[in-house]
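J.: Input: one structure, supplied below.
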Amino acid sequence: MALYEHIFLARQDVSTQQVEALVDQFRQIIEQGGGKIAKVEPWGLKSLTYRIKKNRKAHFTLLNLDAPPAAVAEVERQERINEDVIRFLTVRVDELEEGPSAMMQKRDRDDRGERDGRPGGRFGDRDRGPRRDFGDRPRRDFGDRPRRDDGGDGDGGAE
């Protein structure tokens, strides 16, 4: 049998228990088709990047499937019919991931403080040393443009 990762998005006004009921419904379809669900990961209610069918948020759920293509096609057909499912995506994979997916792995925000052994946050919070004095810098020449030697009083060299 083929291995699939299947993600579906349920409407934001659906309760968590109703999402679990949808998963059970899809599990029955997969098992009747001769497959099995290896892992179910409810990712929870998340904000969408853009509105989908007037929804700003959705319940995300990942299913790792070991099922024949006909069973997966039946699940997708049921999801098209169901008004609570606003989007779904099925991807065939070579092997299923063991352990939590990337969405479920808790990122530790403290490890972002130091990069390459340097202390500080995003901009480094490091001492950059004293500022240079730009007074001794040579003046740039801009080619054929007339050079303004007015002495800095702003009147363009008029006497």
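The values are calculated or read from the model by the stated rules, or taken from the named source; none is laboratory data. Quantities reported herein were computed from a predicted structural model and do not represent experimental measurements. Backbone-built Cβ (ideal geometry, glycine too); neighbour counts: all protein chains shown.
J.: Kindly list the number of the only condition in (1) assigned to a loop (DSSP other than H, G, I, E, B); (2) aliphatic (A, V, I, L, M); (3) out of contact with any Leu (no Cβ under 7 Å at 6 or more places or on another chain) that fails for LEU96.
T.: (3)
J.: Looking at the range 26-41, which of its residues are aliphatic (A, V, I, L, M) and part of a helix (DSSP H, G or I)?
T.: Residues satisfying the conditions are ILE29, ILE30.
J.: Considering only residues that are surrounded by 15 or more Cβ atoms within 10 Å (Cβ to Cβ) and touching a His at 6+ places or on another chain (Cβ under 8 Å), which ones fall in the range 44-63?
T.: LEU62, LEU63
J.: Can you give me the number of residues within the range 74-88 that are surrounded by 12 or more Cβ atoms within 10 Å (Cβ to Cβ) and either at pLDDT below 85 or not in a loop (DSSP other than H, G, I, E, B) (or both)?
T.: Matching residues across the range 74-88 total 9.
J.: In the set GLY120, GLY99, which member is within 29 Å of GLN32 (Cα to Cα), at pLDDT below 95 and within 28 Å of the chain's Cα centre (by Cα)?
T.: GLY99
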